[in-house]
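Sharing a structure, written as structure tokens. Questions coming.
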Amino acid sequence: GTRIPPHIDRANWNVSLHLGLKVPPRCGLRVADEVRTWREDKCIAFDNSFEHEAWNEADLTRVIFAVHMAHPDLTAVERDALRHLTDRYRSLATVGPEATVAWARGQVRRQTR
């Protein structure tokens, strides 16, 4: 009985792959103007930069295995840069949000000098 409201990911470098593991009736996913339903043992792939939402109107639990990966149109250099930024973000996130903000501000200052 839950819904993830419509949203757009802030970046277009990820795509999602969802594998339906336990899919009750009345579950769905909308990406842009296309509505899809999960099927057990089948995958749904979509570009996170398009508006998307998901819902489960059943009284049963929906279980999916979600994988988020680099968009296939990225170059090797772009994938490496994103991997570096993601690793840095994760390491700073363990310290706290203030560290992440301070690092990002420092990166901006370095680029504008």
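Each value in this text was obtained by applying a stated rule to the coordinates, not by laboratory testing. Just so you know, these numbers come straight off a predicted model, no measurement behind them. Every residue, glycine as well, gets a Cβ built from its backbone with ideal geometry; the counts of neighbours run over all protein chains shown.
Which members of the stretch 72-104 meet the condition of being more than 28 Å from Trp38 (Cβ to Cβ) and exposed (fewer than 11 other Cβ atoms within 10 Å of the Cβ)?
Thr75, Ala76, Val77, His84, Asp87, Arg90, Thr94, Gly96, Pro97, Glu98
Return only the number of the condition from (1) under 19 Å from Leu19 (Cα atoms); (2) part of a helix (DSSP H, G or I) that Asp87 does not satisfy.
Only one criterion in (1) under 19 Å from Leu19 (Cα atoms); (2) part of a helix (DSSP H, G or I) is unmet by Asp87, namely (1).
For Asp47, state whether it is of a type in the set (D, E, K, R) and under 30 Å from Asp80 (Cα atoms).
Here the answer is yes, as Asp47 does meet what is asked.
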